[in-house]
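Please treat every number below as a calculation from the coordinates, not as lab data. This is a predicted model, so every value here is computed, not measured. With ideal geometry, Cβ positions are generated from the backbone for all residues, glycine too; neighbour counts draw on all protein chains shown.
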Amino acid sequence: MVEQEQRLEAASTVGEYKWLNVHPNVKTDFNQVVKSPDIEESAFIHPFGIVIGNCYIGKMVFVAPTAVCRGDEGTPIYVGEGSNLQDGVVIHGLETTLNGENIDGRRFSADGKRLSADDPEFANGYSVYIGKRVSLAHGALIHGPAWIGDNTFVGMESMVFNAKVGNNVAIGVASTITGGVIIPDDRYVPPGSVITTQEQADALPSRMGSPYENINDAVIHVNESLAEGYDEAELERIIQEREAAMEEAMLNINEIP
């Protein structure tokens, strides 16, 4: 019985974190620094959400079940205050270094500048930077190098890869933004759009007057309320229930002839 309890404790604790869904990255030739996630106290990470490696999760961020922020390849990843990662969201990035050498164009500065490998700012840049009050709706993929400005909404099943999206942008469902494009501030990307050239990006209409004009305000309200409501005591209760269920399952297995 004691041995079983020790195995359970080892399985349910990684570093300073209580459950396996939040843990450090591993050391590789493209990521030689092992780092644990940096999560603000007021953020909420659901036990079925996953945060790995060099990820910063800001104040009042809500990470829903099955959302993934994986800072083990392209690093670091930054998620700003009041943002939300809804169910099925994936944040990841291409390698930013290899064998200690910077890879050109694979990071952005906090203010949205794409960084060359020899730029002195590269060391302080981001594989993925997500600003304040950004909503990443169900199933969205944000793959670095990527930069998303404040108060932007990314619709369900949309992808942002190798691109910069400005402030106050609304991206409709099932859209693709890639090819190194820059979406200007205050634009609306209609559902199903495929934006791969700067000409397409510059031709996008204004968010004002669009069907998505005020969508982010409502979404932010809902998800900040969830981040606040699912407090640490609730999270601890959920974890304890999972541990008890896991222990019971192991005991039942040992009783099988």
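The count of lysine pairs in region 21-229 with alpha-carbon distances below 27 Å, taking only pairs 8 or more places apart or on different chains, stands at 11. Give, as ranges by residue number, the residues of region 65-95 whose backbone N falls under 15 Å from the point 7 Å along Cα→Cβ of ARG242. Counting backbone N atoms under 15 Å from the label point, the list is 65-69, 88. Charge dipole (Cα centre; +1 on Lys/Arg Cβ, -1 on Asp/Glu Cβ; no other charges) of the chain amounts to roughly 780 debye.
Peptides 54-67, 192-205 ordered by packing proxy, namely the average of other Cβ atoms within 10 Å per residue, highest first: 54-67, 192-205. In the set (i) 0.99; (ii) 1.04; (iii) 0.93, the label that goes with Rg/Rh (Cα atoms, Kirkwood Rh) computed for this structure is (ii). On full extension, the segment bounded by MET250 and MET208 gains 9.5 nm, given 0.36 nm per residue less the C-alpha separation.
Projected label points at GLU101 and VAL26, each 7 Å from Cα along the beta carbon direction, are separated by 2.5 nanometres.
In loop segments of region 34-125 as defined by DSSP, the GluC sites (Glu not before Pro) with at most 11 further C-beta atoms inside 10 Å of their C-beta are GLU41.
In which sequence would PHE122, PHE153, PHE108 go, from the one with the fewest C-beta neighbours within 10 Å to the one with the most?
Details: PHE122 19, PHE153 28, PHE108 23.
With the sparsest Cβ surroundings first, the list reads PHE122, PHE108, PHE153.
Largest mean-square fluctuation among GLY229, GLY53, GLY74, in a Gaussian network model of the chain whose springs join Cα atoms under 10 Å apart, belongs to GLY229.
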